1. Counting only the heavy atoms of the protein chains, how much of Asp192 is accessible to a 1.4 Å probe, in Å² to the nearest 10?
2. HN-Hα J couplings of the range 140-155 from phi, Karplus 6.51/-1.76/1.60, θ = phi - 60°, integer Hz, Gly and Pro as x?
3. What is the calculated FRET efficiency for Ala13 to His151, with r their C-beta to C-beta distance and R₀ = 45 Å, to the nearest 0.05?
4. Per residue of the chain, what 222 nm ellipticity follows from adding -39500 (n - 2.57) for every DSSP H run with n ≥ 4, rounded to the nearest 500?
5. What does the extension gain come out to for Ser105 and Thr66, with contour length at 0.36 nm per residue minus their alpha carbon separation?
6. Ser101's amide H: which non-local residues (gap 5+, or another chain) put their own amide H closer than 5 Å, with H modeled 1.01 Å from N in plane and none for Pro or chain starts?
7. Under a plain spin-label model, where a point goes 7 Å from the Cα along Cα-to-Cβ, how far apart in nm are Gln97 and Ala169?
8. Kirkwood Rh, the range 72-115, all Cα pairs: how many Å?
Amino acid sequence: MAKTGTTTQGLRAAIERSGYYPALVAEAVEAAVGGEPVVSYLVHQETTFDSNEVRRHVTVLVLTGTRFIVSHTDEQAADGTSPSPYATTSTESVKLQRISSVVLSRVVANPESYTPGTLPREVVLTIGWGAVNRLDLEPAACGDPNCEADHGYTGSSTADDLSLRVSEAGDGPDSVRQTLAFAQSLSEATADTPDAGR
């Protein structure tokens with residue numbers, strides 16, 4: 001389930017509608033936003049199955065005039081550190097000029113008959129700001145199949161700070177639309193941000 005909009009009151013209402021520890025999530029997000037006006041937001045809740053447990057997770061993305069704020073809240077079962085179930089929530093505030101990439105991947109059915117404006121069946125929003133990089137390495141090789149020399153390694157580094165998948169089947173068409181709208185707002189905001197300070 002994803003919700004998006006453009007006001008602080010709308011953000012609070014979307015968090016409450018998600019039904020996922022709304023007082024905890026709202027307090028953390030509102031503290032991070034502070035007094036800045038909200039330009040756009042996205043609230044996305046997902047449920048995962050971990051062994052015999054059902055776990056919920058909510059991600060809240062907020063765009064202000066100067067910052068991108070991301071909040072994650074997870075619930076945990078009782079364990080060795082806590083005799084009762086508990087939740088963890090975290091927020092990160094990123095200056096817009098630090099955002100290095102906004103990637104939106106769209107999955108469409110029957111691309112040969114695609115009509116502009118048709119809703120993708122799935123979108124993946126990936127945002128990078130340099131906090132987390134994934135390094136994929138593999139042994140390097142030359143073109144000689146009989147070569148036994150050590151050619152070292154080759155690989156790629158990918159910014160992977162946040163990746164959010166929303167599908168029409170799992171989350172509904174409104175969630176896909178809302179993710180597209182937030183991605184556009186964030187992309188436009190980062191295009192308007194001067195590079196100074198990077």
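1. Approximately 130 Å² of Asp192 is accessible to the 1.4 Å probe.
2. 7, 9, 9, x, 8, x, 9, 6, 10, 6, 7, 9, x, 10, 10, x
3. The formula returns an efficiency of 0.20 here.
4. For the chain, the value works out to -7000 deg cm²/dmol.
5. 11.5 nm
6. Residues meeting the amide H criterion: Gly128.
7. 4.5
8. Values: mean 1/r = 0.0651 Å⁻¹.
About 15.4 Å, per the Kirkwood formula over Cα pairs.
The values are calculated or read from the model by the stated rules, or taken from the named source; none is laboratory data. Just so it is clear, the structure is predicted and the values come from calculations on it, not from any experiment. All Cβ positions, glycine included, derive from the backbone under ideal geometry; neighbour counts span all protein chains shown. All accessible areas refer to the heavy atoms of the entire protein, side chains included, with ligands and DNA or RNA removed. Shrake-Rupley method; radii C 1.70, N 1.55, O 1.52, S 1.80 Å.
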